[in-house]
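Please treat every number below as a calculation from the coordinates, not as lab data. Computed from a prediction, not measured in an experiment: that's the story for all the values here. FYI the Cβ positions are ideal-geometry reconstructions off the backbone, even for glycines, and counts take in every protein chain you see.
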């Protein structure tokens, strides 16, 4: 199963740009409200997007994709079969 997580904070301007690109496939995680998961994934900068497939991290990106939807879509459109 594929899980797409975006780590963000209310005060983070680049995070707001990435959130505007997100759809219902992306789980938005506020770092200020979820310290355990932030520590688990060792989040050190924002925004950070992580893709897991079957519980294994397969991709990580830190930044705002230059605000470009095509870059964002290319990142999240990883096929689960590509990582088996």
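Using beta carbons and a limit of 8 Å, which pairs, at least six apart or on different chains, have the first residue in the stretch 39-66 and touching a residue at least 12 places away in the same chain (Cβ under 8 Å) and at positive phi and the second one surrounded by fewer than 14 Cβ atoms within 10 Å (Cβ to Cβ) and in a loop (DSSP other than H, G, I, E, B)? From residues that are touching a residue at least 12 places away in the same chain (Cβ under 8 Å) and at positive phi, the pairs are 54/1. Looking only at the stretch 1-44, residues that are within 17 Å of residue 72 (Cβ to Cβ), over 12 Å from the mean Cα position of the chain (by Cα) and in a helix (DSSP H, G or I) come to 5 in all. Does the stretch 45-62 contain any residue that is under 13 Å from the mean Cα position of the chain (by Cα) and assigned to a helix (DSSP H, G or I)? The answer is no; no qualifying residue exists.
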